[in-house]
């Protein structure tokens, strides 16, 4: 067992898969000689060299498309494409949505697109409107993509290994603020399957559903609520597409109340989809409407106090939990 | 149906044919001619079937551009790859996708090359290195560069060729692709089929600059223009580019100057061009002119060409009958192949 940062866990996943399979390579802006904008790819260029750790020009659409074409050739090449942040990946959406997500279907199964697009997603700290967007719902909206959002070093390593080994295009969304977060990671080989969520804390009175940065917020809220005798279950779906309906519904059947917390805009968010499914699949088990906490429906302001106000918080989660408990 | 008037020469020519330096066997030359004629007849028939309602949505015909597709694909190997945009029937047939499977795809049948899931713009055959068939103008060039990246990564000397229309060379990602192809020395050949019109917009209204191939100059990429109505010139320039890609792993940008006789697609009445302009280009018909050369070189006779026409007519008829008789895909297959 080792205490690793999330960036180290991700680094290990990439390193181990590259060592195991010579077809795996990573490309992106600053991934090689700079060791990664967030130091996630630290040391990989030194170990594997120019052929397999590749610095790209700042041309997201172009290098996303190149990664997709390399994967589609079907000759064992499995690209990992780093997006410096998912904000910039919007430039590559045409390639991801119109090519990666559709090549297999349009060709009636001839193509496989074994590619992973990974990078940090969502608000960080005082980065302003264009650098603070949580885009998981835009990607999760598209059939043909897999969307994964790890919240711990253990999850990050196991999930990324599965993503790299999977033959489908995977959108792997990390977080700048979490790269330094530490956690236990076992030595030795393990994977976490795609589509499997995780109960981060068991409870009986309410299910709080959260992913990436909001897991810590949910856990802090749960700890506070415990003091008032409220037992909250914190459920981390880990994969957003496909969602672990079974885990979510089994939790709802147990607690009868749901609070979803996500640091993304509210309209058509992943939380909205989860709320729909909860009421569609477990309506009779609900003792209150589903509560959903989002970032404010605005572009992100720079001023520290405004940004803080715009984001979900422990207080907002506690208020929502009490609301569904009618306290 | 259009007929081709063969130009007669009374005395066979004794000078060397233009292709003498290209090591093309008679068999290969005849195949090149056959493939252009097959594409022409297939596309003419597809237009008719579209008019009868058997083909839905968009249908972009290759009529007039046959020399580009056939000339560019003829020198390739089996392990090479081909990407193109949505005007893909011609390149598909040139690469050996069968007329039956292509017509069935147009009709949306389960026996189509993409099992009826793709349609006219999305013909695919990975086993033959035919990578399709893409609908977003200017979107697919990076895919081609990526496949070239992959073959180089795996130590092969395969090449990837990428057809695109001239209007697509104004798209941003086209430039991103040329930059990386040259920067990383990728074995990819870009063939811009300049037919003078991006849908209804003449190139002079869409593009700054005169010589389109000079766009590649900014990337210091090997480049040039070639007469896209001349299948031998296409073959010649492509052979040089293929050599450059295989031996030096360097890309080439070729501007093939060609012309489409029909509208952008079946929905286009073509009111932006004059009849006179179309007739002028028809005088340089790639199939007619090549036929005349083959006859004067003694490689084919008129009667052999007539026989070939009959066979192709039968083949296209068979393709239509096959497509008509084939079933649509089963409803059960709706959710298949979204994921591997």
(request) Name every residue in the range B:110-150 that is part of a helix (DSSP H, G or I), out of contact with any strand residue (DSSP E or B) (no Cβ under 7 Å at 6 or more places or on another chain) and facing chain A (nearest Cβ under 7 Å), in order of residue number. (result) B:126, B:142, B:146, B:149, B:150
(request) Confirm whether residue B:104 is out of contact with any strand residue (DSSP E or B) (no Cβ under 6 Å at 6 or more places or on another chain), within 14 Å of another protein chain (Cβ to nearest Cβ), in a helix (DSSP H, G or I) and in contact (Cβ under 8 Å) with a residue 60 or more places away in the chain. (result) yes
(message) Can you tell me how many residues within the range A:203-215 are within 20 Å of residue A:322 (Cβ to Cβ), in contact with a strand residue (DSSP E or B) (Cβ under 6 Å, 6 or more places away or on another chain) and in a loop (DSSP other than H, G, I, E, B)?
(response) 1
(request) Please go through the range B:151-173 and pick out each residue that is in a helix (DSSP H, G or I) and more than 9 Å from chain A (Cβ to nearest Cβ). (result) B:152, B:166, B:167, B:168, B:169, B:170
(message) Regarding the range A:1-17, can at least one residue be identified that is under 25 Å from residue B:187 (Cα atoms), modelled with pLDDT of 95 or more and crowded, with 21+ Cβ neighbours inside 10 Å?
(response) no
(message) Among the residues that make up the range A:258-267, is at least one of them within 16 Å of residue A:201 (Cα to Cα), assigned to a helix (DSSP H, G or I) and at pLDDT 95 or above?
(response) no
(request) Return the only residue of A:226, A:233, A:273, A:246 being under 19 Å from residue A:314 (Cα atoms) and part of a helix (DSSP H, G or I). (result) A:226
(message) If a residue must be in contact with a helix residue (DSSP H, G or I) (Cβ under 8 Å, 6 or more places away or on another chain) and part of a strand (DSSP E or B), how many such residues does the range B:226-260 contain?
(response) 7
(request) Output the residues belonging to the range A:62-77 that are crowded, with 24+ Cβ neighbours inside 10 Å and either free of Cβ contacts under 8 Å to residues at least 40 places away in the same chain or in contact with a helix residue (DSSP H, G or I) (Cβ under 7 Å, 6 or more places away or on another chain) (or both). (result) A:62, A:63, A:64, A:65, A:66, A:67, A:68, A:69, A:70, A:72, A:73, A:77
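The values are calculated or read from the model by the stated rules, or taken from the named source; none is laboratory data. From a predicted model like this one, the values you see are computed outputs, not experimental measurements. When we count neighbours, we look across all protein chains shown, and the Cβ atoms used for this are built from the backbone with ideal geometry, even at glycine.
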